[in-house]
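Student: After the structure tokens below, expect a handful of questions from me.
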Amino acid sequence: MENKKNKRPNPDKKLADLNPDIENGSDTFLTTNQGLKINDDQNSLKSGERGATLLEDFILREKITHFDHERIPERIVHARGSAAHGVFECYQSMARYTKAGFLQQPGKQTPVFVRFSTVAGSRGSTDLARDVRGFSVKFYTDEGNYDLVGNNMPVFFIQDAIKFPDLIHAVKPEPNNEIPQAASAHNTFWDFISLMPESMHMIMWAMSDRAIPRSLRMMEGFGVHTFRFINEAGKSCFVKFHWKPLLGVHAVAWDEATRISGKDPDFHRRDLWESIDSKAFPEWELGVQIVEEKDEHSFPFDLLDPTKLIPEEMVPVKIIGKMTLNRNPDNFFAETEQVAFHPGHLVPGIDFSNDPLLQGRLFSYTDTQLSRLGSVNFHEIPINRSVNIVHNNQRDGHMRQQINSGKVAYHPNTMGGGCPFQAKATEGGFTSHVERIDANKIRGRSKSFFDHFSQATLFYNSQSAPEKAHLTNALRFELSKVDIPEIRTRMVGLLTQVDKTLASKVADALGIIVPKTPLVPLNHSIPADGKPNDYQPFKVKLPIEISPSLSMQNLKKDTIKTRQVAILVANGVDTVAVNNMKNVLMAEGAQCKVIAPKLGAIRGMNGNALQADQSFLIATSVVFDAVYIAGGKDSIAALIQEPDALHFVEEAYKHCKPIAADKDAMEFLEFTYIGNKFKEENYVATADGVILDEGKKGISQPFINAMKQHRFWEREEERKIPA
Ligand code: HDE
């Protein structure tokens, strides 16, 4: 880092010479907000050395007043977030389907700003809450900003925007005591959900491991709603958007998530920041599922229903570009906090569908910015500015930045020469898709929205055995935190409609009997007078019973890039073995941290020294993906005496992580739960993700192969693992 100490400012330099949007404090004097140079920023103005502070001290008052107003209302949902800059590159021209400029030429690059978030918690809450993750992308296109404001799950809890405040009130901390923070495991959430059959598909996702991602870089993103593409000829088709991470899709274990929340509540934020900082840039491919207009009604579900997805096996995802996040924000508040996304920020070639959830969102996002950012001029904040020049007749308002010269702020005009002009569609002017509508105005829902369970069942059936077990345990956990028995029973009743075994496993843990009927009217969303939505719910038979793309087990990639490996050492360690292992893992893109009983230099067995990156005082297994216990007799003897080292390895084993041990380190493992395994007749350590040096081949390659598997969930079956 450049040492800026004692570098005196150039007295000839004026603040006006600098770009006022970017301030880095270098080479300038300290000034007030009026540009007055400050001589003493250490002492307030007093009536005598020991006297009272004077009201006259405008420098003190300006500083404190600004400080007093440094917070703005946090987002009503998605308050906790982390973001990064990057670029989107188009792979192939999509001109056949859309005229959107950023999707026309292969190789065309568009800058982006991406914000990831949790939904329920406050701005300071933990990253590892069981929750949906927001996945918002702002494309700064030549035609204006396009925002794809999505989630890491492809469906949503409710079908109509009018239910959104109810959903959020139910999931947020309860209003009397503001408990619990960033958690859905409480009465009000499950009370609401148990009365909302339409939420059952999303509940399967939210209770699955998708809700506890290993990293923001290892999760999929989805536009959720069906949108429209419009081509140059005005022809429209339907489109669903997908982001596919190049590192694969991975999660942590629930027990691990709860521990990470204590050890490093910034786990995801730090991971995103550090990987960009170390140039291991996160990447996703953009995929689209395209449905021709004529095929709109050819599915056994409604494309406008946001509680449904289109299985990839029915409509394949076409990969059309890649997004790379390559720059961390300079200032969290100015960028990540002030960025304002809106599903209604569109470019020509993309349009809405009539999804009633999307339609409500189109109102909500500008409305929320007005109370959050405080002004209609939020588009002028640097992070929200379009790269395309903004010309219109809007004027004034709080904190207006633009200085509009001239007298004319209306259209049509002659005094301004007719400027600014409307653009024809051929000149890039946005025109809404012309959709024929012949309908009665009704407050209601289409009959086609009343299948609430078939895709919930599809999701459940598509999970691998460990994923099913995790989902079941998540429901058991959440409902055990509900202390109103009727809510638990109602929930189990609804689960019977998804899968009978799932319902009975959950009921068993709750100590209740599975009810024979769901206990809630499955068409409860009818209005009080029973008209016009008096439809009977139904469960369609889908053309597929399993959708492999829904299981994370099938979304691994052949890589260990950016995986974090803990190397446990003490004095007397075999430094050659450590360095060899480090080199091999780092060549594959993994990152290693040496962990020892103390910080500082660690003596090697051959006299070489090694620097410890962390001591057991702060190191915790839950933030690592794998553990390597290096050889060296004295080192192993010392680690055996270190309870934190034993705990570290047992905990990593409990969370199903790969563990590699040099020959000497076998003795260390004897002191852990893994030692019991060695006594079992049929125990195959490698199959269990434990890589031992049995003097045959090196252990680095099998260790890498094990890390590619991510986790050995089968270990959980024993349910006896301590730690
Ligand atoms: Fe949002 N949502 N939402 N939402 N949403 C907001 O806008 C809203 C919905 C999503 O990183 C708010 O600027 C309504 C679905 C993300 O800044 C607010 C409805 C999906 C983010 C709002 C929905 C989302 C938000 C709060 C039901 C996935 C974070 C702060 C009709 C497709 C954006 C803000 C960021 C944020 C309203 C449902 C995604 C209040 C009314 C479905 C990723 O305007």
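The values are calculated or read from the model by the stated rules, or taken from the named source; none is laboratory data. Since we're looking at a predicted model, the values are computed, not measured. Note: ideal-geometry Cβ built from the backbone for every residue, glycine included; neighbour counts use all protein chains shown. Please note that ligands, DNA and RNA were not included when accessible areas were found on the heavy atoms of the full protein model with its side chains. Shrake-Rupley method; radii C 1.70, N 1.55, O 1.52, S 1.80 Å.
Student: May I ask which of K308/K468; K163/K244; K172/K468; K582/K633 have a Cα-Cα span longer than 25 Å here? List each step's numbers first, then the result.
Tutor: Values: K308/K468 20 Å; K163/K244 30 Å; K172/K468 27 Å; K582/K633 20 Å.
Long pairs (Cα-Cα over 25 Å): K163/K244; K172/K468.
Student: Within 14 Å, Cβ to Cβ, of V434, how many net charges do the neighbouring residues add up to if Lys/Arg are +1 and Asp/Glu are -1?
Tutor: Summing Lys/Arg as +1 and Asp/Glu as -1 gives -1.
Student: Quick check: Cα centre of the range 539-601 to Cα centre of the range 451-529, how many Å?
Tutor: The two parts, judged by their Cα centres, are 35 Å apart.
Student: Taking only C-alpha pairs under 8 Å that are 6+ residues apart, what is the relative contact order of the range 207-312 in percent?
Tutor: Contact order relative to length: 33 percent.
Student: Do you know the relative contact order of the chain, to the nearest whole percent, from alpha carbon pairs under 8 angstrom that are 6+ apart?
Tutor: Numbers: 1351 pairs, mean separation 80.3, N = 723.
Here the relative contact order equals 11 percent.
Student: Return a whole-number percent for the relative contact order of the range 48-126, with Cα pairs under 8 Å and 6 or more residues apart as the contact set.
Tutor: 34 percent
Student: If R0 is 25 Å, what FRET efficiency do you get for S26 and E70 from their C-beta distance, rounded to 0.05?
Tutor: 0.65
Student: How much of L510 can a 1.4 Å solvent probe reach, expressed as accessible area in Å² and rounded to 10?
Tutor: 20 Å²
Student: Pop the C-beta distance of T53 and E89 into the FRET formula with R0 = 56 Å and round what comes out to the nearest 0.05.
Tutor: 0.45
Student: Could you check the spin-label model distance between E486 and I442? Points 7 Å from the Cα along Cα→Cβ, value in nm.
Tutor: Placing both labels 7 Å along Cα→Cβ, they lie 3.2 nm apart.
Student: Which net charge results when you count Lys and Arg as +1 and Asp and Glu as -1 among the other residues whose beta-carbon is under 14 Å from that of A206?
Tutor: For residues surrounding A206, the net value is -2.
Student: If you don't mind, there's one more thing I want to ask. Which far-off residues, 5 or more places away or on another chain, put their amide H under 5 Å from the one on A251, with H placed in the peptide plane?
Tutor: Here the answer is R214, since their amide H atoms fall under 5 Å of that of A251.
Student: Sticking with the crude label model, points 7 Å out along Cα→Cβ, report the distance from Q402 to H433 in nm, one decimal please.
Tutor: 2.9 nm
Student: PRE reach from E296 (point 7 Å along Cα→Cβ): which of the range 417-441 fall under 18 Å by backbone N?
Tutor: What the label zone holds, given the 18 Å backbone N cut-off, is 432-441.
Student: Could you derive backbone 3J(HN,Hα) for the range 438-449 from the dihedral phi with the Karplus parameters 6.51, -1.76 and 1.60 (θ = phi - 60°), listing whole Hz in sequence and x where the residue is Gly or Pro?
Tutor: In residue order, the calculated couplings are 9, 8, 8, 6, 9, 9, x, 9, 5, 4, 5, 8 Hz.
Student: Of the listed peptides 674-686, 367-379, 700-712, 210-222, what is their order by residue-averaged count of other C-beta atoms within 10 Å, with the highest listed first? Each step should come with its number before you reach the end.
Tutor: Values: 674-686: 12.3, 367-379: 15.9, 700-712: 19.9, 210-222: 24.4.
Top to bottom by mean Cβ count within 10 Å: 210-222, 700-712, 367-379, 674-686.
Student: Report the Cα centroid-to-centroid distance between the range 657-719 and the range 330-361 in angstrom, as an integer.
Tutor: Computed from Cα coordinates, the inter-centre distance equals 47 Å.
Student: Also: Under the Karplus relation 6.51 cos²θ - 1.76 cosθ + 1.60, θ = phi - 60°, what is the ordered set of whole-Hz ³J(HN,Hα) values for the range 467-480, x standing for Gly and Pro?
Tutor: So the Karplus estimates, Gly and Pro as x, are 5, 4, 5, 5, 4, 4, 5, 5, 5, 4, 4, 4, 6, 5 Hz.
Student: Averaging over all projection directions, find the projected area of the Cα convex hull of the range 466-524 and quote it in nm² with one decimal place.
Tutor: 3.9 nm²
Student: Quick one: ranking I38, I659 by accessible area, 1.4 Å probe, largest first, what do you get?
Tutor: I get I38, I659, largest accessible area first.
Student: Hey, another quick one. How much of the accessible area of the chain, in percent, comes from carbon and sulfur atoms when a 1.4 Å probe is used?
Tutor: 52 percent
Student: Let me ask another. How big is the charge dipole of the range 557-649 about its Cα centre, in debye rounded to the nearest 20, if each Lys and Arg gets +1 on its Cβ and each Asp and Glu gets -1 on its Cβ?
Tutor: Working: 8 positive and 8 negative charges, 29 e Å.
So the dipole magnitude of the range 557-649 works out to roughly 140 debye.
Student: Give me the distance between the Cα centres of the range 217-276 and the range 18-43, rounded to whole Å.
Tutor: Here the answer is 40 Å between Cα centres.
Student: Rounded to the nearest 0.05, what FRET efficiency do L362 and N392 have when you use their Cβ-Cβ distance and R0 = 22 Å?
Tutor: After rounding to 0.05, the efficiency reads 0.65.
Student: Hey, what do the phi angles of the range 26-31 turn into as Karplus ³J(HN,Hα) couplings, whole Hz, using 6.51/-1.76/1.60 and θ = phi - 60°, x for Gly and Pro?
Tutor: 8, 6, 9, 7, 6, 9
Student: On to the next question. For N326, what residues show an amide H to amide H distance below 5 Å, using hydrogens built from the backbone and excluding near sequence neighbours?
Tutor: Here the answer is H85, G86, V87, since their amide H atoms fall under 5 Å of that of N326.
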